[in-house]
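The values are calculated or read from the model by the stated rules, or taken from the named source; none is laboratory data. These numbers come from a predicted model, not from an experiment. Methodologically, a virtual Cβ is constructed for each residue, glycine included, from the backbone with ideal geometry; neighbour enumeration extends over all protein chains shown. For accessibility, only protein heavy atoms count, side chains too; no ligands or nucleic acids. Shrake-Rupley method; radii C 1.70, N 1.55, O 1.52, S 1.80 Å.
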Amino acid sequence: MAKQKQTRYRVLGLVSLSLIIAAGTYGFAAMNTSIHGAGVMDSGYGTHSAYDVSRVIYTLDLEDPSSFMAVEFVIEGEPDAVVAGVSATKNGKITWAYGCEKNDYKWTCTFNESIDVLAADWLHVSSVQ
């Protein structure tokens, strides 16, 4: 009888541990709402800018993860103000962000409406004169 209780407690312990790990993994995946990078330049994806732009992070729309609401990036150099936009091709129609703000070394540019991820292969960044 005692051996059955030990086995039952072990099984319940393993099931509980599995549920905790699964819940933690699900919570981590739900928190990760950014997609990184502008891709590889030679593959048709990239950044078009006079500046050296790096650490590009697109913030997904929580209601529709196939689109994004903002883009965050780091610029080498210290421009006073920048504008950013996205397009499907390097020379295609650019959808410009509503505004860009600098926080420490990062720039965050927010769009008026959600942008389809598939329509944003290129990030365009330029200074405001």
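With the condition kept exactly as written, say whether any residue in region 63-83 is modelled with pLDDT under 85, at positive phi and open to solvent by less than 50 Å² (accessible area, probe 1.4 Å).
yes
Quick one: count up the residues across region 68-103 that are within 16 Å of Trp122 (Cβ to Cβ) and among the small types (Gly, Ala, Ser).
6
Which of the numbered conditions does Thr47 fail, given that it passes all the others? Conditions: (1) modelled with pLDDT of 80 or more; (2) out of contact with any Ser or Thr (no Cβ under 7 Å at 6 or more places or on another chain); (3) under 21 Å from Ser127 (Cβ atoms); (4) not basic (Lys, Arg).
(1) is the only condition that Thr47 fails.
Give region 95-113 a look and list any residue that's open to solvent by less than 50 Å² (accessible area, probe 1.4 Å) and closer than 16 Å to Ser67 by Cα, or say none.
Ala97, Cys109, Phe111
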